[in-house]
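*Asks:* Below are the structure tokens for one structure; questions will follow.
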Amino acid sequence: MAHCIIQEAEAILDREIPVLDKGFVRLVDYMGGDSRIVQSARVSYGEGTKTVREDGALIDYLLRHQHTSPFEQVILTFHVKLPIFVARQWIRHRTARVNEISGRYSIMKNECYVPAPEDVAFQSADNKQGRSEEAVSVETVERVREAMKSAQDSAFAEYEGLIETNIARELARINLPLSTYTEWYWQIDLHNLFHFLRLRCDSHAQKEIRAYAEVMLDICRKVAPLATASFERHQKGGVNFSSEEMAALRRLLDGAPSGLEGKALERFNEKIKTGKQL
């Protein structure tokens with residue numbers, strides 16, 4: 001099985017792609033691509049890589065039918081600089097190998113995330129973990145941003161003062177804000193990366209982590225374009241229906257009422273209307 005060299009991936013290797021105000025994503029390394037997926041899938045009967053069209057059809061079949069192990073043959077390693085509150089959401093995806101900078105050993109940099117003016121929003125009235133689309137006045141936006149910046153500056157002034165008095169770094173760091181930037185190396189196989197991207201590119205995900213996910217999705221397009229196109233078609237842009245919803249769809253196709261009522265009908269109609277998994 002030949003070593004995979006992908007020119008589009010080589011072109012962005014080690015390039016810092018900016019995210020948010022001070023963050024970035026960098027593709028450090030990759031192993032395999034589309035050809036590795038098809039080689040792995042065909043190994044059972046000894047056939048090698050075919051045409052691009054045949055390879056694309058095979059990859060599409062594998063992904064649609066959830067034959068996931070060939071996608072696990074592709075590995076990507078990222079260097080990511082991100083705010084701690086984003087990292088705490090991100091680390092819930094436990095299928096990666098992670099090594100993060102340690103505030104016990106390193107002096108934390110005075111770098112904190114401050115949302116852009118257009119990202120300052122009120123709390124949503126109907127979504128406990130979301131933002132409202134209601135307009136926020138310029139005065140309120142600037143007051144919020146200044147309050148965040150002031151608190152960050154104060155916390156780091158105290159932190160740096162503790163460091164100067166030789167207080168242990170592991171103690172000095174504990175009052176630093178969640179907006180502080182951290183860095184890690186994050187290595188993951190393509191199957192689990194697609195799962196991460198399906199959740200974190202979704203409009204329900206917090207905007208800040210979504211910004212990182214969209215950059216990583218674009219990197220995937222360069223490393224494994226056929227597999228990523230299939231993922232975007234069937235998973236990112238696809239919807240799963242329950243057995244009850246499938247029965248309702250069949251009834252609708254036959255010209256009959258769906259048979260669903262109440263909340264189940266609301267969810268069903270919204271899923272069809274928006275194409276979003278609810």
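*Asks:* Of the residues 104, 94, only one is touching a helix residue (DSSP H, G or I) at 6+ places or on another chain (Cβ under 7 Å), surrounded by fewer than 16 Cβ atoms within 10 Å (Cβ to Cβ) and closer than 30 Å to residue 170 by Cα; which?
*Replies:* 104
*Asks:* Okay, next question. Does residue 223 satisfy being in contact (Cβ under 8 Å) with a residue 24 or more places away in the chain, surrounded by 14 or more Cβ atoms within 10 Å (Cβ to Cβ) and either farther than 25 Å from residue 65 by Cα or assigned by TED's automatic domain parsing to the domain that holds residue 131 (or both)?
*Replies:* Judged against the criteria, residue 223 is not a match.
*Asks:* Another question, if that's okay. Going through 150, 154, 203, 179 one at a time, which residue ends up being within 28 Å of the chain's Cα centre (by Cα), exposed (fewer than 13 other Cβ atoms within 10 Å of the Cβ) and not basic (Lys, Arg)?
*Replies:* Checking each option against the conditions leaves just 203.
The values are calculated or read from the model by the stated rules, or taken from the named source; none is laboratory data. Fair warning: this is a prediction, and the values are worked out from it, not measured in the lab. Counting neighbours? That spans all protein chains shown, and the Cβs are built from the backbone with ideal geometry, glycine included.
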